[in-house]
Structures are given as structure tokens and as C-alpha cells.
Amino acid sequence: MLPMKTKIAALLADIQQFQAQSKEQVEEFRLKYLSKKGLIHALFDDFKQVPPENRKEMGMLLNELKNKAQEIFDRQSDAFAGDQHHVSQIDTSLPAVEVSGGRHPISIVRRNLNSIFERLGFIIAEGPEIEDDFHNFTALNFPEEHPARDMQDTFFIGKSPDVALRTHTSSVQVRVMEQGKLPIRIIAPGRVFRNEAISARAHCIFHQIEGLYIDKEVSFADLKQTLYFFAREFFGPETRIRFRPSYFPFTEISAEMDVSCNICGGKGCNICKYSGWVEILGCGMVDPNVLEACGIDSKEYSGYAFGMGIERITMMKYQINDLRLFFENDLRFLKQFDQLV
Ligand code: DAH
């Protein structure tokens, strides 16, 4: 005969695994373990044969077993009592209840952009929408008399010329560089604000995504390759890109990038104004003045940056011809994006 301790341990293991699927099974459990003819009761009979020196220990183990069995029985019979909605009656394998609505096209594209750049090792950075002059302009090498600082473009807050709604996500570049943790490889998607008349092509609120990469020996070739990868992932594998020289205060050299028109494939249509190309972003090598203003040694480090409008590339991708649609909450428009994630 097995020693009593082993029997107790085996029963304990059995009852702890027990999971009733029905009221009947709870009753079977009671009969098997807790009734007068049950296994635990039988052990109490065996107990009479236990030598006196072991009785204390066996007695305790036996009581523990009995209490545990009672506890499991009580819990499971509760679960099947009446028609109450009980935890164990919830079928977690059922499909989720469908919720109506979908994501906004700008959110869809934003997530898509994040995932493309995250695959290249970029992490997401954020900055405030209300900025000071230093982060939005001065640290980015904007000369004192630069027209972008003008009342016509910038929404100032209150009477101070120092506090304004950010006019671009480039301000996040400064925020990140200031933290001084190198190398840097971030993207910063977010809302920006400009004092512009609202039309099919412009709005006073829109979204941009900024990219910044700072390390030793970063070159323009790295920038090109990153943006080429992005363009093919976002617009499709046939997409071609081209760079045109440009000017931004915070980059030197500066460029604008065009992609081959994804509507006509570059043959020429009214979207690309029959040129076959559409301009989508500004970019360049971070100006040493910017690195220095943010406390980075420009002799040791270099970097590239780029920034683009999210509405614009969303319009291209989904052939939307009026930017105002993004802000009007017209369900007939929004519902067309329900199936996208
Ligand atoms: N901040 C610029 C704008 O709003 C876009 C831009 C151009 C961002 C060049 C950059 C860049 O990071 O390198 O028009």
C-alpha cells in the first residue's frame, strides 16, 4: 500500500486540476472526493492506522486536503448556480463585437509611415505644439528677418513674440538634439499650424513628419537611400525619386525630393501637371550651425534631416483632390477608409 503522504499529495494534485464544464461534473466531484463514500473520507479511515508519532503531520495534511477540496467545490458550484452571468460562463473564444467606425485617413497614413521608418531603426519622438522662438526658429538657423517669422505665417499666442504654435515639426529636431544623447535616429509626426487661407490645397492646421539622423560620418547617400526605401514602401515598388537643389536655413546642402507620379506612373496627368513628378518633401544635411546651437560638436558629428506634409502624400496615395475633406468629418468621405488599418 502506498504511504499516506503520497496518497494525499496525489489527490491534492488531482483536485487542483479540476475544472468543471457543467453542474453535473461539480456533483461528480463532490461524490468522488467529499461524500461519505469519497476518497478523502477513506483516507480518514486509513488515518486510524497511522503510528502516533506521525499523526500530527498526517492530520494536518489531511485537513488541508479536505479544506482545499471543499473550497474548489464551493467555488465551482457557485459558478453554475442559477442563471447569473458568471466569469466562467463567458466564452472568451467568441469573436469580438464589431465596433462601427474606422480610422481617419491621416491616422492610417501616420501609422504606415511610423512602421516604414521603424523598420529602418528610427524611433518616434514628440515635442510640444506650443513652441518658443528658439526651438521653432532661432536654433534652426532662421535669420532674424526671415519671412517665416512674420505674423502672416505664424500664429503667435498672446502678446509675446516668443510663444507661438509650431509652424513645422523641425522644432522636434531641436528638442531631441538638446537632450544630447547620440547617435540620434528619430521621426517626429505631428500637427503644425500656419496662418494661411484655407483652400483645396492649404489649411491652417495640417500634419508633418520629420526625420533626423545624427551620427559620425553620415552622408547625403545615406539620406537618399533612406528616402528611396520610404518612397517604394509607401507608393509602391515602381516608384522613382529625384532630388532638386533647394534652400532651407537649417540644412546645408538642401534639396527637395520628387516622386514619380503614382497616378500616371510618370507619363503625365493633371495631378502631376503633366510633368510626371510630384514634389513631396524637403531635406538636406543638418547645418553645422544647428548642431552647435543644440550643443553637438559639428566637427565630430554630421546628420541629415527631412520633413514632409502628411496630407499631401495621403492625397496622392488615395487620389483625394481637396485637403479640406480631412477636417470636415463628413462620414461619406471617412467611411471609404473603414477597411484600411
Ligand atoms: N520644415 C520644413 C517645412 O516645414 C520642411 C523641411 C525641409 C524639414 C527640410 C526638414 C528639412 O527637416 O531638412 O517646410
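Could you check, for segment 285-303, whether at least one of its residues is in the same structural domain as residue 141 (by TED's automatic domain parsing), within 25 Å of the chain's Cα centre (by Cα) and open to solvent by less than 20 Å² (accessible area, probe 1.4 Å)? Break it down stepwise before answering.
Within segment 285-303, the first condition is being in the same structural domain as residue 141 (by TED's automatic domain parsing), and the residues that meet it are 285-303.
Filter once more, keeping what is within 25 Å of the chain's Cα centre (by Cα): none.
No, segment 285-303 contains no residue that is in the same structural domain as residue 141 (by TED's automatic domain parsing), within 25 Å of the chain's Cα centre (by Cα) and open to solvent by less than 20 Å² (accessible area, probe 1.4 Å).
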Original post:
Any residue in segment 216-227 that is within 14 Å of the ligand (Cβ to nearest atom), open to solvent by less than 60 Å² (accessible area, probe 1.4 Å), in contact with a Ser or Thr (Cβ under 8 Å, 6 or more places away or on another chain) and part of a loop (DSSP other than H, G, I, E, B)?
Top reply: yes
Original post:
Pairs under 9 Å by beta carbon, first residue outside the structural domain of residue 128 (by TED's automatic domain parsing) in segment 158-178, partner away from the ligand (no atom under 13 Å from the Cβ), six or more apart or different chains?
Top reply: none
**OP:** Count, please, the residues in segment 142-180 that happen to be hydrophobic (A, V, I, L, M, F, W, C) and more than 30 Å from the chain's Cα centre (by Cα).
**Re:** 5
**OP:** Keeping to segment 324-333, report how many residues are open to solvent by less than 70 Å² (accessible area, probe 1.4 Å) and over 16 Å from residue 207 (Cβ atoms).
**Re:** 2
**OP:** Hey, could you check segment 133-170 for residues that are in contact with a helix residue (DSSP H, G or I) (Cβ under 9 Å, 6 or more places away or on another chain) and of a type in the set (D, E, K, R) and say which is modelled with the highest pLDDT?
**Re:** 166
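Does residue 198 qualify as being within 22 Å of residue 156 (Cα to Cα), open to solvent by 70 Å² or more (accessible area, probe 1.4 Å) and in the same structural domain as residue 119 (by TED's automatic domain parsing)?
Yes, satisfied.
Can you tell me which of 304, 247, 274 is among the hydroxyl-bearing types (Ser, Thr, Tyr), within 16 Å of the ligand (Cβ to nearest atom) and either assigned to a loop (DSSP other than H, G, I, E, B) or over 20 Å from residue 185 (Cα atoms) (or both)? Walk me through it before giving the result.
Details: 304 fails: either assigned to a loop (DSSP other than H, G, I, E, B) or over 20 Å from residue 185 (Cα atoms) (or both); 274 fails: within 16 Å of the ligand (Cβ to nearest atom).
Only one candidate qualifies: 247.
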Subject >> Where residue 277 falls short, out of the listed (1) under 30 Å from the mean Cα position of the chain (by Cα); (2) open to solvent by 20 Å² or more (accessible area, probe 1.4 Å) >> reply: (1)
Original post:
Yes or no: residue 88 within 30 Å of residue 247 (Cα to Cα) and either within 28 Å of the chain's Cα centre (by Cα) or modelled with pLDDT under 95 (or both)?
Top reply: no
Original post:
Inside segment 103-178, counting only helices (runs of 4 or more DSSP H) that do not spill past its ends, which hold 2 or more residues that are open to solvent by 40 Å² or more (accessible area, probe 1.4 Å) and either within 27 Å of residue 247 (Cβ to Cβ) or small (Gly, Ala, Ser) (or both)?
Top reply: 105-118, 170-178
Original post:
Among the residues of segment 250-271, which ones are open to solvent by less than 50 Å² (accessible area, probe 1.4 Å), within 16 Å of the ligand (Cβ to nearest atom) and not in a loop (DSSP other than H, G, I, E, B)?
Top reply: 251, 254, 255, 256, 257, 258, 259
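Within segment 9-20, identify whether any single residue is over 30 Å from residue 91 (Cα atoms), open to solvent by 50 Å² or more (accessible area, probe 1.4 Å) and part of a helix (DSSP H, G or I), and answer yes or no.
yes
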Subject >> Residue list for segment 288-341, filter: in contact (Cβ under 8 Å) with a residue 60 or more places away in the chain, of a type in the set (A, V, I, L, M) and within 26 Å of residue 264 (Cα to Cα) >> reply: 308, 310, 313, 316, 320, 323, 334, 340, 341
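The values are calculated or read from the model by the stated rules, or taken from the named source; none is laboratory data. Computed from a predicted model, the values in this text were never measured in an experiment. Don't worry about glycine lacking a Cβ; one is built from the backbone with ideal geometry, like all the others, and counts go over all protein chains shown. Quick note on the areas: whole protein, heavy atoms, side chains included, nothing else; ligands and nucleic acids left out. Shrake-Rupley method; radii C 1.70, N 1.55, O 1.52, S 1.80 Å.
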